[in-house]
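For reference, the structure I am asking about is given below.
Any read-out appearing in this document is the output of simple, stated calculations on the displayed coordinates, not a laboratory observation. Since we're looking at a predicted model, the values are computed, not measured. Here Cβ is always computed from backbone atoms with ideal geometry, including for glycine, and neighbour counts include all displayed protein chains.
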Amino acid sequence: MTSQLLPLRVYVTVFAVLLALTGLTTFVARIDLGFFNVIVALTIAVAKALLVALFFMHLAHMKHRTQLVAGAGILWLLILIALTMSDVLSRGWFHPPAGL
Amino acid sequence: MSDGSALAHHFEDLEQQHDAATLGMWIFLVTEVMFFGGLFAGYTMYRATYPGAFAEGSRLCEVTLGALNTAVLITSSLTMALAVRAASLGRPRTTVWCLAGTMLLGVVFLAIKFLEYYHKYQERVVPGLNFTYAGPSARQVELFICFYFGLTGLHALHMIIGLVVVAVMMTLVWRRRVSPAHYTPIEVAGLYWHFVDIVWIFLFPLLYLVDLHR
């Protein structure tokens, strides 16, 4: 079997960091950082998701092929959101000249 | 079950079978990313369009219960990871206990979720049932609450499916169908459970933490 067996302390450490990050994100949300509130919240969420994927889901020790599939999923999600937002946010930037 | 009968005839060996199964599960999880992704994209679009109303709607969410549920789900992911580890080490008793703990925490999560839904019902802010929120941007707040119920509802459905999957895994371990050479079902079930955890990791800040700072 491929070596996916991690020492017990890895799981416990990841778990402790995940709990700490949950506390941190709840705490930081109460501080007014303006636009950066959402940036900080999403950065912490991405960090937590990476910890779960890399260690609990063993993605760090998977074959590159499997890592590629997971990465492709994230890439396509980003394309979905980026192209949607490029439409929504750019509406009203340009106006057709009068008479059209 | 002997290792020989766990191996399907179209695989060279158990390791190749294990790799194929985990790769297949990851491909399924990517389709799940796109499934939830559509709703996340819709959420992003409307939050950018109505930032004020989404902040207002977010205040209707109970942060303490949301944070508690995040901790509960993270703990269930730990017990799930430990179940996979115990299965790969050939410790069926520990595996069953870890899976039982995972299920218990999953049920606690759903109970807290149900309590939140009940509070929404009491506050009369359930769209289509008794949404009576007043204010200049009530319609946009209703849109946020629709996203709240849509996203958390679909997530809860995944949790229920996950509970069934984990229950099946418990019977497999109980009947000694899992060995250190063949613990693939537990690993694959774990992948699903952790994915559902990751979805919640994003739902928590996006729904509960939008507007605490004002």
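Provide the FRET efficiency to the nearest 0.05 for the residue B:45-residue B:13 pair, computing r from the beta carbons and using R0 = 41 Å.
So the FRET efficiency works out to roughly 0.30.
Could you size up the charge dipole of chain B around its Cα centre, putting +1 on the beta carbon of Lys and Arg and -1 on that of Asp and Glu, and report it in debye to the nearest 20?
It comes to approximately 540 debye.
Moving to a separate point now. Mind sorting B:116, B:12 by how few other Cβ atoms lie within 10 Å of their own Cβ, fewest first?
Ordered by Cβ neighbours within 10 Å, fewest first: B:12, B:116.
Something else: Wrap a convex hull around the Cα atoms of region A:48-100, take a quarter of its surface area, and give that in square nanometres.
The number I arrive at for region A:48-100 is 5.5 nm².
Translational D (Stokes-Einstein, µm²/s) of the protein assembly as shown at 4 °C and 1.567 mPa s when Rh comes from the Kirkwood sum over C-alpha pairs?
D, rounded to a whole number, is 62 µm²/s.
Just tell me which aspartates and glutamates come within less than 12 Å, Cα to Cα, of residue B:113; anything on the same chain fewer than 8 places away is out.
B:62
In addition: Take every Cα-Cα pair in region B:1-117 and report what % of them are more than 25 Å apart.
Beyond 25 Å sits 50 percent of the P(r) for region B:1-117.
Expressed as an acute angle from 0 to 90° and rounded to the nearest 10, what is the orientation of the C-alpha long axis of helix B:138-174 relative to the principal long axis of chain B?
The angle comes out near 20 degrees.
Then there's this: Please report the orientation-averaged projected area of region B:110-201, defined via the convex hull of its C-alpha atoms, in nm².
For the Cα atoms of region B:110-201, the hull's average projected area reads 7.3 nm².
With angles folded into 0 to 90 degrees, how steeply does helix A:8-28 sit against the dominant principal axis of chain A? Use alpha carbons for both and round to 10.
With rounding to tens, the tilt is 30 degrees.
List the pair-distance distribution P(r) of chain A, using every Cα-Cα distance, as the percent of pairs falling in each 5 Å bin from 0 up to the bin containing the longest distance, rounded to whole percents.
Percent of Cα pairs in each bin: 2, 10, 13, 14, 14, 15, 11, 7, 5, 3, 2, 2, 1, 1, 0.
Quote the charge dipole size of the protein assembly as shown about the Cα centre in Debye, to the nearest 20; the model charges only the Cβ of Lys and Arg (+1) and of Asp and Glu (-1).
So the magnitude is around 420 debye.
Another question, then. If you wrap region B:1-41's Cα atoms in a convex hull and average its projection over all directions, what's the area in nm²?
Projected area, direction-averaged: 3.6 nm².
Under the rule of -39500 (n - 2.57) per DSSP H run of 4 or more residues, summed and divided by the residues of chain B, what mean residue ellipticity at 222 nm is obtained, to the nearest 500 deg cm²/dmol?
-27500 deg cm²/dmol
Where does each of B:113, A:48, A:63 land when they are ranked from fewest to most other beta-carbon atoms within 10 angstrom?
Ranking B:113, A:48, A:63 by Cβ neighbours within 10 Å, fewest first, gives A:63, B:113, A:48.
Hey, another quick one. Choose one answer from A:70, A:82, A:29: the residue with the largest mean-square fluctuation in a GNM of chain A with alpha-carbon springs under 10 Å.
Among A:70, A:82, A:29, the largest mean-square fluctuation in the Gaussian network model of chain A belongs to A:82.
A further question follows. For the charge dipole of the protein assembly as shown, defined by +1 on Lys and Arg C-beta atoms and -1 on Asp and Glu C-beta atoms about the Cα centroid, which residue among A:16, B:52, B:166 has the Cα displaced farthest towards the positive pole?
Checked the options; the winner is A:16.
Same structure, new question: Starting from the Kirkwood radius over alpha-carbon pairs of region B:87-157, derive D by Stokes-Einstein at 37 °C in a medium of 0.692 mPa s and give it in µm² s⁻¹.
Rounded to a whole number, D works out at 224 µm²/s.
Next question, about the same structure. Which of B:26, A:76 has the fewest other C-beta atoms within 10 Å, and how do the rest follow up to the most?
With the fewest neighbours first, B:26, A:76 line up as A:76, B:26.
How high is the FRET efficiency between residue B:93 and residue B:32 when r is their beta carbon distance and R₀ equals 30 Å, given to the nearest 0.05?
0.40
Summarise the long-distance tail of P(r) for region B:1-70 by giving the % of C-alpha pairs beyond 15 Å.
Result: 73 percent of Cα pairs exceed 15 Å.
Can you tell me the alpha carbon radius of gyration of chain B divided by the globular rule-of-thumb value 2.2 N^0.38 Å?
1.20
In a Gaussian network model over chain A where Cα atoms closer than 10 Å are linked, find which of A:15, A:56, A:27 has the largest mean-square fluctuation.
Looking only at A:15, A:56, A:27, the biggest GNM fluctuation is shown by A:27.
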